[in-house]
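This report refers to the structure that appears directly beneath it.
The values are calculated or read from the model by the stated rules, or taken from the named source; none is laboratory data. This one's a predicted model, so the numbers in the text were calculated from it and none came from an experiment. Methodologically, a virtual Cβ is constructed for each residue, glycine included, from the backbone with ideal geometry; neighbour enumeration extends over all protein chains shown.
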Amino acid sequence: MSSNNKKWFSLNLTNKSNKSESRGCGKEFDSCSNNKHKDGYDQIMDVPMDRRSAFKKITTGLLMGAGAVSTSCSVVSGDDSKEKSSIEWEEYFKGNYKLMTDEERNNTVDRLVRSYELRKGEKLNISSKDAEDDVLFGYAFNISKCQGYMDCITACVEENNQDRSSQMQYIRIHEMDDGKGFNFEESNDNYYHEVPAEGHFYMGTQCFHCENPPCVEVCPVQATWKEKDGIVVIDYDWCIGCRYCMAACPYDGRRFNWKTPEVPEEEVNKNQHYLGNRLRKKGVMEKCTFCIQRSRIGKNPACAEACPTGSRTFGNLLDPNSNIRWILENKKVFRLKEDLGTEPKFWYYMD
Amino acid sequence: MCLHENNKLDMITKYIKSIVLIVILVFASCKNKEHQYHNLIEKIEAKSANYSGTNISSEVYNETVKKIKISEGNKEFYITERKSQITSYNCSECHNQPIKLLKDKHVGKKAHWDIVLNHANEETMNCNTCHAKDNMNELRSITNKTIDLNLSHKLCSQCHQKEGKDWVGGAHGKQIGGWAPPRLSQTCTGCHNPHSPSFEKRWPAQFNIQKVKERQ
């Protein structure tokens with residue numbers, strides 16, 4: 001094994017390859033290491049360098065670190081920048097939101113509000129409201145009523161502070177051919193003509209907030225989880241941006257910030273929730289949260305509120321008198337990709 | 001001889017151990033614990049068995065809306081009030097003469113002179129289908145019973161039975177306020193103009209240019 005440059009264990013069932021490699025390397029150990037493919041760590045650390053440049057690089061690194069620390073402790077810098085750097089320090093070292101106590105949650109929310117105030121001068125209203133008991137959110141979509149207006153998308157983007165320049169949209173409205181059923185491969189989700197167009201019907205997809213979410217299972221750091229009221233949320237400060245959840249989601253529910261999201265100041269929605277529509281940073285995932293900042297205080301999500309045809313229904317699945325329960329009990333409902341066992345909480349029905 | 005018997009004993013004990021292990025695994029994997037359900041529907045039914053309401057209420061969002069409470073079937077909910085929103089109610093203030101006189105050139109173009117009926121066809125619908133000649137402040141059902149203008153859904157659901165039932169249940173129409181009870185629904189006329197009820201064609205609200213760029 002030592003002469004091989006593979007990093008994994010392998011059964012040597014064939015003797016041939018082993019011998020030829022060792023013959024190729026020969027007696028000199030150095031020629032072996034020349035053939036080795038360097039991984040990321042080695043590419044940075046294993047660079048041949050003379051002592052002077054190594055010394056220069058180490059000192060610059062140390063100075064930068066010292067500078068970062070000194071801004072918060074210095075006597076000379078102003079109070080504002082001291083506060084900003086102490087907030088940044090605390091935010092860097094805080095833990096996963098799931099494990100925080102209520103006090104820690106309040107503290108982080110206060111820090112975020114204060115940090116925004118220092119940077120932009122505007123007051124935010126970030127909530128950390130927990131899930132209510134006896135509430136399980138569900139959503140129903142009437143495909144007979146959807147006319148493809150995309151008012152839901154406009155409302156969602158305004159409500160959830162999504163990046164404007166990359167035109168991030170959580171919701172997709174698909175225009176499908178009549179008579180072919182739900183054929184996503186031949187559907188068009190970016191049309192711009194008078195709607196409803198002849199010979200087509202419309203339906204929408206977004207994060208379905210599955211009861212058995214594959215994205216939650218694959219997250220390597222547990223930055224995404226399902227809350228007690230059924231909403232699948234992301235802790236934007238814990239996400240490392242590996243996008244494994246994006247690969248795992250069968251419904252294309254998740255979006256990634258390839259660049260720092262920017263929202264014009266006057267369009268920022270100031271009513272935010274820590275797990276919902278607060279301003280995110282570059283390199284983290286985001287997705288539909290059933291407008292957690294609205295639904296946890298009894299309002300409908302922005303998409304359901306905006307739909308002019310009333311094709312979107314939102315409600316509490318555990319309330320036997322709710323609209324969503326009546327729909328599930330009396331209309332012909334179905335879900336997408338039922339065979340995957342993800343148990344989405346988003347049903348489709350028709351008149 | 002001894003070896004052969006020992007082997008047999010070994011094999012038997014091995015089999016017994018594996019069977020016991022399998023049995024234990026089967027029972028351990030059964031999700032009999034609390035909070036473990038086979039599927040979502042089971043979970044909903046189990047958890048809503050003792051439902052007694054939540055602390056969340058939409059009342060604060062419904063406060064500014066003029067509403068009345070109705071009860072249809074076994075459902076009780078609020079709907080938006082209509083009469084106070086009609087600018088020219090009472091209708092009888094003008095409609096105390098036959099329409100032919102009102103349409104007289106000397107009277108001029110009053111109030112809603114430009115109403116066009118674009119609802120079903122001539123054989124099914126004319127003004128008298130819904131409005132009562134003798135009392136324009138009310139609506140009239142097919143069986144000549146009075147229907148209050150606030151309860152226009154009773155009139156519409158005479159022909160649109162299915163939509164009416166769906167509306168009462170919550171599958172049709174718009175919910176105003178929020179998802180939490182008390183429920184406030186929009187009425188039929190809140191979305192549909194009764195004289196021309198279908199929705200017009202229009203252009204979508206969005207076009208994603210970035211998607212077009214990325215897909216090229």
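Among the residues making up region A:170-190, those that are surrounded by 20 or more Cβ atoms within 10 Å (Cβ to Cβ) and touching a residue at least 40 places away in the same chain (Cβ under 8 Å) are A:Tyr170, A:Ile171, A:Arg172. Considering only residues in region B:117-150 that are hydrophobic (A, V, I, L, M, F, W, C) and touching a strand residue (DSSP E or B) at 6+ places or on another chain (Cβ under 7 Å), the one that is surrounded by the fewest Cβ atoms within 10 Å (Cβ to Cβ) turns out to be B:Ala132.
Just to verify a result, which residue in region A:136-175, among those that are of a type in the set (Asp, Glu) and more than 7 Å from chain B (Cβ to nearest Cβ), is nearest to A:His193 (Cα to Cα)? Checked region A:136-175; the qualifying residue nearest to A:His193 (Cα to Cα) is A:Glu175. Count of region A:76-99 residues, restricted to those that are of a type in the set (A, V, I, L, M, F, W, C) and at pLDDT below 85, is 1. For region A:160-188, a residue qualifies if it is of a type in the set (Lys, Arg) and assigned to a loop (DSSP other than H, G, I, E, B), and the qualifying residues are A:Arg164, A:Lys180. Pairing residues of region A:207-227 that are more than 14 Å from every other protein chain (Cβ to nearest Cβ) with residues that are of a type in the set (S, T, N, Q) and not in a loop (DSSP other than H, G, I, E, B), at Cβ distances under 8 Å and at least 6 apart in sequence or on separate chains, gives A:Cys215/A:Thr224; A:Val216/A:Thr224.
Would you call B:Ile99 in contact with a Leu (Cβ under 8 Å, 6 or more places away or on another chain), at pLDDT below 85 and exposed (fewer than 14 other Cβ atoms within 10 Å of the Cβ)? For B:Ile99, the condition - in contact with a Leu (Cβ under 8 Å, 6 or more places away or on another chain), at pLDDT below 85 and exposed (fewer than 14 other Cβ atoms within 10 Å of the Cβ) - is not met.
Conditions tested, residue by residue: (1) out of contact with any Lys or Arg (no Cβ under 9 Å at 6 or more places or on another chain); (2) surrounded by fewer than 22 Cβ atoms within 10 Å (Cβ to Cβ).
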site: A:Asp133; (1), (2): no, yes
site: A:Phe141; (1), (2): no, no
site: A:Cys146; (1), (2): no, no
site: A:Ala155; (1), (2): yes, yes
site: A:Ser166; (1), (2): no, yes
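Of the residues contained in region B:154-172, one or more are found to be farther than 25 Å from A:Tyr139 by Cβ and crowded, with 20+ Cβ neighbours inside 10 Å. Of the residues making up region B:158-216, those that are closer than 27 Å to B:Arg140 by Cβ, assigned to a helix (DSSP H, G or I) and more than 8 Å from every other protein chain (Cβ to nearest Cβ) are B:Gln158, B:Cys159, B:Gln161, B:Gly164, B:Lys165, B:Trp167, B:Val168, B:Cys188, B:Thr189, B:Gly190. Residues that are touching a residue at least 12 places away in the same chain (Cβ under 8 Å) and exposed (fewer than 14 other Cβ atoms within 10 Å of the Cβ) within region B:66-82 comprise B:Lys66, B:Gly73, listed in sequence order.
Tell me, which helices (runs of 4 or more DSSP H) wholly within region A:257-351 include 2 or more residues that are more than 10 Å from chain B (Cβ to nearest Cβ)? Qualifying helices (runs of 4 or more DSSP H): A:292-295, A:302-306. The C-beta contact set for region B:151-177 (first residue over 21 Å from A:Tyr349 (Cα atoms), second residue among the basic types (Lys, Arg), distance under 7 angstrom, 6+ apart or interchain) comprises B:Ser152/B:Arg82.
Evaluation of B:Asn128 against the conditions (1) over 25 Å from the mean Cα position of the chain (by Cα); (2) part of a loop (DSSP other than H, G, I, E, B) shows that the sole unmet condition is (2). Selection of region A:266-295 for residues being more than 28 Å from A:Pro220 (Cβ to Cβ) and touching a strand residue (DSSP E or B) at 6+ places or on another chain (Cβ under 9 Å) yields A:Lys270, A:Asn271, A:Arg294, A:Ser295. Got at least one residue in region A:106-118 being within 23 Å of A:Cys288 (Cβ to Cβ), touching a residue at least 40 places away in the same chain (Cβ under 8 Å), in contact with a Leu (Cβ under 8 Å, 6 or more places away or on another chain) and within 14 Å of another protein chain (Cβ to nearest Cβ)? Within region A:106-118, not a single residue is within 23 Å of A:Cys288 (Cβ to Cβ), touching a residue at least 40 places away in the same chain (Cβ under 8 Å), in contact with a Leu (Cβ under 8 Å, 6 or more places away or on another chain) and within 14 Å of another protein chain (Cβ to nearest Cβ). Looking only at residues of region B:74-106 that are more than 30 Å from B:Ser185 (Cβ to Cβ) and of a type in the set (A, V, I, L, M), we find that the one that is farthest from the other protein chains (Cβ to nearest Cβ) is B:Leu101.
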